[in-house]
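Okay, so here's the structure we're looking at.
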Amino acid sequence: MASKVTALLKQLLGAVIVVTVPRLACLYGQKGGEFFQKLARQIADLLVTLALPAACALFVLGEEVVILTADLDFAPAAGAMKLLDLALVFSLLGWFYMAAVLVPARQEKAALLAISIASVVNVSLNFLLIPAFKEAGAALATLLADLVTCLACYFLAKKSARLLPSGKKLASSLLDCLYVTGSCWNLSAEVDGSRKGEIFVQNRQKALVNR
């Protein structure tokens, strides 16, 4: 369940990448270096602006989201979803560097190398972490694998373009994260510490029974 919620959010935010990659590829192919750099930086800024606050919100409201989308029995999956929420940011940036830079630059071998390294890291960590930490171990392995993919794609892509998010946008996004985190903490406290939490669970269970 945790992976489904995170995958849905990744698809929504990933639409930014999907719709802009053809334009970026066209600019790169036409050697429009200045325009390519400008548009790519704007997209990187937009991804960070959207992904960081969204990840913070789901991190704080993990248990409530799991209960709303599944059932009270799935509440322990909230811990795994929080780790996957953190992985979302690295996953989107790695996807962006790969699809927007490496592939248009005809560096498919570099992209394959990055994916291969991340796959080896993911499988190895799954064998090590799942027996001890179960679903949390699998989520942690995914987080570290996405981090490796992001770093590998960035270092391979920076030969063609330097696409780190701008400091101004990153600082603005971090401020947004603080605001979102504080708001979600207040909401979570209200749900957990009042009658609203019981009503929330009861309504959700009734909805599941009536399906």
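Of note:
- Solvent-accessible area, 1.4 Å probe, carbon plus sulfur percent, for the range 35-138: 73 percent
- Ligands, DNA and RNA aside, Val101 has an accessible area near 0 Å² when probed at 1.4 Å.
- Ligands, DNA and RNA aside, Ser173 has an accessible area near 0 Å² when probed at 1.4 Å.
- Within the shell of other residues whose beta carbon sits under 12 angstrom from the beta carbon of Ile43, the net charge comes to +3, with Lys and Arg scored +1 and Asp and Glu -1.
- In the context of the full protein assembly, Glu34 retains an accessible surface of approximately 150 Å², using a probe radius of 1.4 Å and ignoring ligands and nucleic acids.
- Per residue, the accessible area of the range 1-151 comes to 50 Å² when a 1.4 Å probe rolls over the protein heavy atoms.
- Efficiency of FRET from Cβ geometry, Ala132 and Cys26, R₀ 30 Å, rounded to 0.05: 0.05
- Of the residues Val123, Val19, the one with the largest accessible area comes first in the ranking Val19, Val123, computed with a 1.4 Å probe on protein heavy atoms.
- Largest-first ordering by accessible area, 1.4 Å probe, given options Phe96, Phe133: Phe133, Phe96
- Accessible surface, 1.4 Å probe, highest first, among residues Leu175, Leu151: Leu175, Leu151
- Given Lys10/Lys82; Lys109/Lys169; Lys109/Lys159, the pairs whose alpha carbons are separated by over 25 Å: Lys109/Lys169
- Approximating the spin labels as points 7 Å out from Cα along Cα→Cβ, the Glu108-to-Val123 distance works out to 2.2 nm.
- Compared with the direct C-alpha span, the chain from Ile115 to Asn186 gains 21.6 nm at full extension, assuming 0.36 nm per residue.
The values are calculated or read from the model by the stated rules, or taken from the named source; none is laboratory data. These numbers were taken from a predicted model, which means no experiment stands behind them. FYI the Cβ positions are ideal-geometry reconstructions off the backbone, even for glycines, and counts take in every protein chain you see. When the accessible area is computed, the model is the full protein with side chains, heavy atoms only, and any ligands, DNA or RNA have been set aside. Shrake-Rupley method; radii C 1.70, N 1.55, O 1.52, S 1.80 Å.
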